[in-house]
Amino acid sequence: QVQLVESGGGLVHTGGSLRLSCAASGLIFSNYAMGWFRQAPGKEREFVASINWSSAITYYADSMKGRFTISRDNAKNTVFLQMNSLKPEDTAVYYCAASYRSGVATTYTLYDYWGQGTQVTVSS
């Protein structure tokens, strides 16, 4: 059974940093592109960042560029999201996802497996 388990969320002040982790099991990790999405109350699920199997290609939503960094460690079956200069509008549940595709997916419909999310709250 495939499992994606997020961790590292929490409460921080504006301008602070968090590092999210997503541990994968039950799949050949290097066969999957990995992505991060987020969803705030009353809003649609939003693309954050994605990374291909080898870390050679990454994509970011415009509002994340320069603040967030996605990375992965295939030997540890783990993908990370480093979040710096956090703002209150970054408050959301952050989800890890895996896509069995050749390209780097930025649309949620192209992902096959999802974690249950981790809460990130940024205070004003």
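The values are calculated or read from the model by the stated rules, or taken from the named source; none is laboratory data. This is a predicted model, so every value here is computed, not measured. Cβ placement follows ideal geometry from the backbone for every residue including glycine, while neighbour counts extend to all protein chains displayed. Surface accessibility is based on the protein's heavy atoms, side chains included, excluding ligands, DNA and RNA. Shrake-Rupley method; radii C 1.70, N 1.55, O 1.52, S 1.80 Å.
For THR14 and THR107, calculate 0.36 nm times their separation in residues minus their Cα-Cα distance, and state this gained length in nm to one decimal.
On the way: separation 93, 0.36 × 93 = 33.48 nm, distance 2.82 nm.
Going from the current span to full extension adds 30.7 nm.
Binning the alpha carbon pair distances of the range 1-44 at 5 angstrom intervals from zero yields the distribution 5, 14, 21, 21, 19, 10, 8, 2, expressed in whole percent.
Quick one: compute the contact order of the chain, relative version, from alpha carbon pairs under 8 angstrom and 6+ residues apart, as a percent. Working shown, then result.
Working: 316 pairs, mean separation 43.9, N = 124.
Dividing the mean separation by the residue count of the chain yields 35 percent.
Think of the range 1-73 as having a plus end and a minus end, set by charges on the Cβ of Lys, Arg, Asp and Glu; of GLN3, ALA56, SER30, ALA56 sits farthest toward the positive end of this dipole.
Here is the list for the range 23-124: GluC sites (Glu not before Pro) lying in DSSP coil, each with at most 12 other C-beta atoms within 10 angstrom of its C-beta, are GLU44. Put a plus charge on the Cβ of each Lys and Arg, a minus charge on the Cβ of each Asp and Glu, and nothing anywhere else: the dipole of the chain about its Cα centre is then about 140 debye.
Solvent-accessible surface of protein heavy atoms, probed at 1.4 angstrom with all chains present, puts TRP114, TRP53, TRP36 in the order TRP53, TRP114, TRP36, largest first.
Going by a ≥ b ≥ c, the root eigenvalues of the Cα gyration tensor, does the range 28-80 fall in the rounded group (a/c under 1.5), the prolate group (a/b larger than b/c) or the oblate group? Don't skip to the answer; put the middle values down first.
Values: a/c = 2.54, a/b = 1.73, b/c = 1.47.
Prolate, since a/c reaches 1.5 and a/b exceeds b/c.
Summarising the overall dimensions of the range 2-97 from its C-alpha atoms, the Rg and Dmax are 13.0, 37 angstrom.
Write down the accessible area per residue of the range 77-124 in Å², having rolled a 1.4 Å probe over the full set of protein chains. Could you put the intermediate results ahead of the total?
Values: 2280 Å² over 48 residues.
I get 47 Å² per residue for this part.
Label point 7 Å out from VAL2 along Cα-to-Cβ: which residues of the range 79-110 have amide N under 18 Å? Flagged as within label range: 79-80, 95-110. Protein heavy-atom surface of the range 36-122, 1.4 angstrom probe: 48% of the accessible area is carbon and sulfur, with nucleic acids and ligands not counted.
Multiply the residue separation of ASN74 and SER55 by 0.36 nm, subtract the distance between their alpha-carbon atoms, and state the gained length in nm to one decimal. Walk me through the numbers before you get to the answer.
Numbers: separation 19, 0.36 × 19 = 6.84 nm, distance 0.94 nm.
Value of the extension gain: 5.9 nm.
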